[in-house]
Amino acid sequence: MAASEKTRAIHRFVQCILLILVLPLLPPGLEWFLTGTVTSESITLVASMYAITIGVSSKYKTLLAFAIIVSILFTAAYGSLAKERADHLAAAQTIKRAQPSQQDNQVVPADPPTNETNRSLGTSEDFGNRMRRYSIIAIVMVFLVHAGERFLRHVVEREPFWDLV
Amino acid sequence: MNVFSLHLPELLSLMGTLVSGLALLSVLLKIWTKMRANRIARARLQEFKQNTDLLRIAKSLRMEHLDPVEREKLLRQIERLLQGLDKKTLEEVNESLYQRSLQGRVRYAESLVSKSAVH
């Protein structure tokens, strides 16, 4: 009887992991599946939203506080990235407008962007990779944190999960 | 890595990652504390059950009919087990024994009354 109760508890834990922790990662998963990569903006935004949505489903105030801080930091990172991207586009448009009108129809080879320029604009591959790496690490940490909490709640303390009946 | 040379989004992401690492440490600490507390509680409960079982058996035995050496041995064993209990558990055991003793006296009195009625 005790063994079956333990099995049920493990089932509840697995259901919870799938529904609460894995399902919200579907959008970046689809982006990766369809395009072969996930942009640094997307993954930063996912890290921010994932942290806050997982944090509010926590029963421990400390973890909620940590989740809010993580979410705010990644939101700020995303905002900063988006602003730089917008500035980059605005600068590109200004440069384009400043070109003489007779050259509008000509194909002008652009100077290859230096790594420093790209870095300052947040577009270099290395910079994007680092941003992706930090965001993925944070997502994995949030995943493990909540999985640990759910293990405690559903397996150790035998708390029911979605008893809808 | 020079933190001061990092770009703002990168710095923010790095800080976010570090905070999430702290959260992970916090939850691991919580799990460890909880499981340790559970393990101790289970062990204490088991010990309490064993002790109360032993006391119940000792109490139900007609101790006066035991061999004195055996009785002494059993009493020593009970004493040693009781010393291992904390104050609260000991009080519970005492209360339980006191209640049983009262019930025993009532039953004894009832049996005396019934015997006198027969005679």
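The values are calculated or read from the model by the stated rules, or taken from the named source; none is laboratory data. Computed from a predicted model, the values in this text were never measured in an experiment. In this analysis, Cβ positions are derived from the backbone assuming ideal geometry, glycine residues included, and neighbour counts consider all displayed protein chains. All accessible areas refer to the heavy atoms of the entire protein, side chains included, with ligands and DNA or RNA removed. Shrake-Rupley method; radii C 1.70, N 1.55, O 1.52, S 1.80 Å.
Restricting attention to segment A:1-48, report how many residues are within 27 Å of A:Glu84 (Cα to Cα) and in contact (Cβ under 8 Å) with a residue 40 or more places away in the chain.
Residues that pass the stated criteria total 9.
Keeping to segment A:54-96, report how many residues are of a type outside the set (A, V, I, L, M, F, W, C), closer than 24 Å to A:Ile17 by Cβ and either open to solvent by less than 50 Å² (accessible area, probe 1.4 Å) or in contact with a Ser or Thr (Cβ under 9 Å, 6 or more places away or on another chain) (or both).
Residues of segment A:54-96 of a type outside the set (A, V, I, L, M, F, W, C): A:55, A:57-62, A:71, A:75, A:78-80, A:83-85, A:87-88, A:93-94, A:96.
Okay, now just the ones that are also closer than 24 Å to A:Ile17 by Cβ, so A:55, A:57-62, A:71.
Subsequent filtering for residues that are either open to solvent by less than 50 Å² (accessible area, probe 1.4 Å) or in contact with a Ser or Thr (Cβ under 9 Å, 6 or more places away or on another chain) (or both) retains A:55, A:57-58, A:60, A:62, A:71.
Summing the residues that are of a type outside the set (A, V, I, L, M, F, W, C), closer than 24 Å to A:Ile17 by Cβ and either open to solvent by less than 50 Å² (accessible area, probe 1.4 Å) or in contact with a Ser or Thr (Cβ under 9 Å, 6 or more places away or on another chain) (or both) in segment A:54-96 gives 6.
Every residue, every condition in (1) among the polar types (S, T, N, Q); (2) not in a helix (DSSP H, G or I), yes or no:
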site	(1), (2)
A:Arg12	no, no
A:Pro28	no, no
A:Val38	no, yes
A:Met49	no, no
A:Thr75	yes, no
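Of all residues in segment A:131-164 being crowded, with 18+ Cβ neighbours inside 10 Å, within 8 Å of another protein chain (Cβ to nearest Cβ) and at pLDDT below 90, which is farthest from A:Tyr60 (Cα to Cα)?
Top of the filtered list is A:Met131.
Considering (1) closer than 13 Å to A:Ala147 by Cβ; (2) more than 12 Å from chain B (Cβ to nearest Cβ); (3) among the hydrophobic types (A, V, I, L, M, F, W, C), say which one A:Leu26 fails and leave the rest.
It is condition (1) that A:Leu26 fails.
Residues checked against (1) closer than 30 Å to A:Gly128 by Cα; (2) at pLDDT below 90; (3) surrounded by 14 or more Cβ atoms within 10 Å (Cβ to Cβ):
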| site | (1), (2), (3) |
| --- | --- |
| B:Met1 | yes, yes, no |
| B:Ala23 | yes, no, yes |
| B:Ile31 | no, yes, yes |
| B:Arg36 | no, yes, no |
| B:Arg39 | no, yes, no |
| B:Arg42 | no, yes, no |
| B:Gln46 | no, yes, no |
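What is the residue count in segment A:29-40 for residues that are open to solvent by 40 Å² or more (accessible area, probe 1.4 Å) and within 14 Å of another protein chain (Cβ to nearest Cβ)? Lay out the reasoning, then the answer.
First, pick out the residues of segment A:29-40 that are open to solvent by 40 Å² or more (accessible area, probe 1.4 Å): A:30-37, A:39.
Right, trim to within 14 Å of another protein chain (Cβ to nearest Cβ) and you get A:39.
Summing the residues that are open to solvent by 40 Å² or more (accessible area, probe 1.4 Å) and within 14 Å of another protein chain (Cβ to nearest Cβ) in segment A:29-40 gives 1.
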